[in-house]
Each structure stands twice: as structure tokens, then as C-alpha cells.
Amino acid sequence: ISNGNFSDAIKIVKEDIALPLILGYICPAPCEKVCKRSQIDSPVSICQLKKFVAAEDLTGKNPWFPQKENPTGKKIAIIGSGPGGLSAAYYLSRMGYTVEIFEKSSAAGGMLRYGIPEYRLPYGKLDKDINFIVSQGVKIHYNTAVGKEITFDEIYAKFDAVFISTGLFEPYFIGIKGEDNPGVISGLKLLQDVTDGKEVQLGKHVVVVGGGNVAMDAARTARRLGSEVSVLYRRRLEDMPADREEIDEALEEQVNFICQAIPLEIEKTADNRLSIIWGKAEMKLEEGAKRPQPVLIDGSREVLVADTVIAAIGQGMNFNWMDGEAFAKIKFGKWNIEADRWGRSSDQKVFIGGDMFNRTADAITAIADGHRSARAIDNILNPS
């Protein structure tokens with residue numbers, strides 16, 4: 001890139017990375033955190049370099065296509081069009097497989113589209129990466145929920161292998177009395193409604209419970225919708241799992257952070273608003289523990305009044321659609337499907353990846369899962 005040789009640069013990127021343009025916008029860049037260049041001055045800005053060269057390529061008349069292998073005559077089904085599914089489709093298509101993606105929504109992207117606000121990831125840029133993958137011959141069945149429009153048994157019988165990467169779209173409950181009151185919603189629900197263009201009325205005051213990236217995105221989205229926002233987090237600010245950049249940007253947008261605050265109960269007020277009752281916590285490091293734990297201070301009781309309470313403490317996997325004879329062969333863990341390091345389940349024909357497979361829950365790891373499982377599928381179906 002520094003030599004102006006953008007055509008060769010994009011070839012290097014596309015050989016190893018699916019969705020290079022969107023990664024330039026949202027990748028947490030773990031590589032930059034350990035870049036040796038930082039010992040001299042600052043890390044190489046890999047994200048910005050990929051973003052630049054991918055934009056140069058995709059806005060040109062002839063985007064570069066990696067060479068495809070001869071058709072294998074075998075078909076792969078992918079359930080979910082998030083970063084893991086799109087990555088697997090990208091590599092499997094290049095390997096000569098016929099690839100079909102089954103997506104329950106009307107647009108592809110999974111959590112990239114429905115879990116990340118457009119101000120962080122412009123959906124037009126996301127569509128450029130997706131359209132590039134589709135242009136290689138990948139077919140996406142939109143509005144096709146497995147378990148409704150088509151059964152998993154039908155997919156299992158029709159295809160030579162299945163890769164599942166549906167993401168984590170089942171929000172966790174806070175686990176306190178009163179969270180079933182009208183006006184208590186999940187962070188994902190807010191983000192999805194905004195993405196779908198629905199009219200969202202949050203009111204003047206919003207309280208967000210949580211400290212991860214979804215909580216930050218929900219808080220900043222609420223601010224941009226005109227609400228005053230307070231974030232309740234049970235640990236210290238430095239303990240927040242959200243990316244530091246997201247926390248800093250939320251602070252810049254005047255989101256109010258209340259840390260070491262444990263939610264206790266939500267009550268309906270006389271004027272049809274919500275009182276969220278919380279207690280102050282002190283951090284205690286117990287013997288053998290890796291980090292201090294929040295412990296409620298006896299008698300502590302504080303109250304915040306809000307028009308909307310947003311729960312954003314995490315999300316899990318929805319198993320409801322996973323039934324039928326084919327799934328009877330698959331072993332389930334408590335929170336996921338059991339699989340080896342290649343994402344292969346107890347059924348050699350079924351692979352999983354993305355957030356439902358690993359706990360990192362970021363796009364670059366999901367993309368790596370899709371690449372890894374694509375190679376494993378190819379080794380099984382085309383060992384020569």
C-alpha cells in the first residue's frame with residue numbers, strides 16, 4: 001500500500017480475509033495490541049489499511065476475484081448469514097462447492113446488521129462485502145427460518161455438509177422482580193428495531209443495565225434518539241467488558257455511568273414510569289478469585305426513575321428450532337453445541353462457528369471460525 005500497489009495489496013487481503021471492508025470499521029484489532037512496531041512508535045494500523053484498500057477495490061469497475069477451484073459437485077448449507085456464515089460461504093465457494101445460505105431475516109449480516117448501529121458500521125459498506133461474496137455464486141435464501149419455512153431434516157438430507165452460525169440473539173434476563181413491566185426491553189430489541197426502521201419512543205430518561213458492547217451501543221443509540229441515558233454496571237468502569245473505545249465514545253456523548261450498582265427491582269410508578277431500585281456494591285477479592293467481585297452493601301438502596309429500562313447483560317443461543325431426526329445425533333452442552341477445535345459436532349456432517357461456538361463474540365473470530373470449518377469440511381468431502 002505504501003508503494004501505491006493497491007491491486008496486489010487487495011489480493012493479499014482477500015486471500016486470507018473475508019469481509020475486509022467491514023473489519024476496517026468494527027474489528028477490535030487484537031493484532032494491533034501486540035504489534036511489535038509499538039516498541040518503536042505505534043502499532044501498524046491494520047484495520048485502516050484493510051478498510052482503505054478494500055474500499056479502493058470494491059468501488060472500482062472490476063473488483064478482484066480470487067481464483068476458484070473446479071466444481072466439486074457437492075453442496076454445502078449454511079444456516080445464518082452473519083460473519084461466520086459469510087466467511088464459510090466465501091471460502092467454500094472458492095473451493096468449488098455449491099453454497100446456499102438460509103437466513104431468517106430480510107437482509108444478510110446477522111449481528112453485523114442487527115446488533116451494530118449504522119453509525120458504527122454503515123450498512124451500505126456491509127452490503128458491498130456481502131454482494132461481493134454473492135457475486136461468486138453463493139445463494140442466500142432470505143426470510144427463511146429453519147424450523148419454520150424449512151426443517152433442519154430437509155437441509156440435512158439435501159446437502160453434503162452443514163455449517164451453523166446463527167449468532168446469539170436470545171437476550172438474557174436481569175433476574176430481578178418487575179423486569180416484565182412494559183417499558184423494559186432488551187438492548188438487541190432496540191438495535192434491531194432501529195435497523196428495521198421502526199419508530200422507537202424511549203422517552204426522556206433511559207436506564208441501561210450492562211457493561212458490554214451491546215450496552216454501549218444501546219446507550220449511544222438512545223442518546224441519538226434524544227434521551228438522557230444512565231448506565232448501571234455492577235463492577236468498576238475498568239472492569240467493563242466493552243471495548244475501551246466504545247466506553248470513551250459513550251462518555252463523549254454524555255452517557256452517565258453509575259458503576260458498582262446492583263439492580264434489585266423495577267417498579268411501576270403512579271405516573272406510568274419505571275423506578276429501578278439498585279444498591280451500591282463494594283469490590284471484594286476473595287481467596288482464590290482472579291478478580292474482585294461486587295458485593296451488595298447491606299441496607300444500600302438507591303432509586304432511578306426512567307421512561308425505559310434497557311437490559312443488555314448478554315445473550316445466548318436459541319435452541320427452539322433445533323429438532324428432528326438429524327439433531328438427535330448431535331450432542332448439546334449447557335449453552336451451546338459440543339464441537340472440536342474445527343467446529344465439527346458429534347455428527348461429522350454438521351459444523352458450527354461464530355458466537356455460538358466461541359466466547360470471544362467478535363466479527364474477526366467468527367470469520368476465523370468460518371475459514372477453519374471450511375477447510376475442515378473440504379478435508380472431509382474432498383480429501384484428495
Reported set for region 270-303 where residues are open to solvent by 30 Å² or more (accessible area, probe 1.4 Å), touching a residue at least 24 places away in the same chain (Cβ under 8 Å) and under 30 Å from K204 (Cβ atoms) is R273, L296, R301, E302, V303
If we ask which residues in region 307-333 are closer than 30 Å to A219 by Cα and either of a type in the set (D, E, K, R) or open to solvent by 80 Å² or more (accessible area, probe 1.4 Å) (or both), their number turns out to be 2
Quick count over region 240-269, residues being buried (at least 19 other Cβ atoms within 10 Å of the Cβ) and at positive phi, is 1
In the set L202, L251, the lone residue that is more than 17 Å from L121 (Cα to Cα) and not in a helix (DSSP H, G or I) is L202
Of the listed residues (E56, E15), the one being open to solvent by 30 Å² or more (accessible area, probe 1.4 Å), more than 21 Å from R372 (Cα to Cα) and under 27 Å from the mean Cα position of the chain (by Cα) is E56
Exercise for review: Take S346 and decide whether it is at pLDDT 85 or above, in a strand (DSSP E or B), surrounded by fewer than 21 Cβ atoms within 10 Å (Cβ to Cβ) and of a type in the set (S, T, Y).
Suggested key: no
By residue number, the members of region 265-318 that are touching a Phe, Trp or Tyr at 6+ places or on another chain (Cβ under 6 Å) and either closer than 13 Å to L232 by Cβ or at pLDDT 95 or above (or both) are E302, I313
Inspect all residues belonging to region 118-133 and state whether any of them is in contact with a Ser or Thr (Cβ under 8 Å, 6 or more places away or on another chain) and outside any helix (DSSP H, G or I).
yes
Within region 166-198, restricting to residues that are part of a loop (DSSP other than H, G, I, E, B) and of a type in the set (D, E), the one that is least open to solvent (accessible area, probe 1.4 Å) is E179
From the option list V200, V162, single residue qualifying as closer than 30 Å to F102 by Cα, touching a Leu at 6+ places or on another chain (Cβ under 8 Å) and of a type in the set (A, V, I, L, M, F, W, C) is V200
>> Considering only region 222-239, I want to know if a residue exists there that is in contact (Cβ under 8 Å) with a residue 60 or more places away in the chain, surrounded by 13 or more Cβ atoms within 10 Å (Cβ to Cβ) and part of a strand (DSSP E or B).
In response: yes
Checked pairs for region 315-326, first without any contact (Cβ under 8 Å) to a residue 60 or more places away in the chain, second open to solvent by less than 20 Å² (accessible area, probe 1.4 Å) and of a type in the set (A, V, I, L, M), C-beta under 9 Å and 6 or more apart or across chains, list as F319/I337
So, first residue closer than 23 Å to A242 by Cβ in region 29-43, second residue basic (K, R), Cβ within less than 6 Å, six or more apart or across chains; the pairs are P43/R37
Among residues of region 355-367 being out of contact with any Pro (no Cβ under 7 Å at 6 or more places or on another chain) and in contact (Cβ under 8 Å) with a residue 12 or more places away in the chain, the residue surrounded by the most Cβ atoms within 10 Å (Cβ to Cβ) is D355
**Message:** Among the residues that make up region 188-199, is at least one of them in contact with a Gly (Cβ under 8 Å, 6 or more places away or on another chain) and over 26 Å from L121 (Cβ atoms)?
**Reply:** no
Given (1) free of Cβ contacts under 8 Å to residues at least 60 places away in the same chain; (2) part of a strand (DSSP E or B), F163 misses just (1)
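Restricting to region 8-64, give me the number of residues that are assigned to a helix (DSSP H, G or I) and either touching a Gly at 6+ places or on another chain (Cβ under 6 Å) or of a type in the set (D, E) (or both).
9
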Could you go through region 88-98 and let me know if any residue there is of a type in the set (S, T, Y), within 26 Å of N358 (Cβ to Cβ) and open to solvent by 20 Å² or more (accessible area, probe 1.4 Å). no
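The values are calculated or read from the model by the stated rules, or taken from the named source; none is laboratory data. For clarity, every value in this text was computed on a predicted model and none was experimentally measured. So basically every Cβ, Gly included, is an ideal-geometry build from the backbone, and we count neighbours across all protein chains shown. Each accessible area value is taken on the protein alone, full model and side chains, heavy atoms only, with ligands, DNA and RNA left out. Shrake-Rupley method; radii C 1.70, N 1.55, O 1.52, S 1.80 Å.
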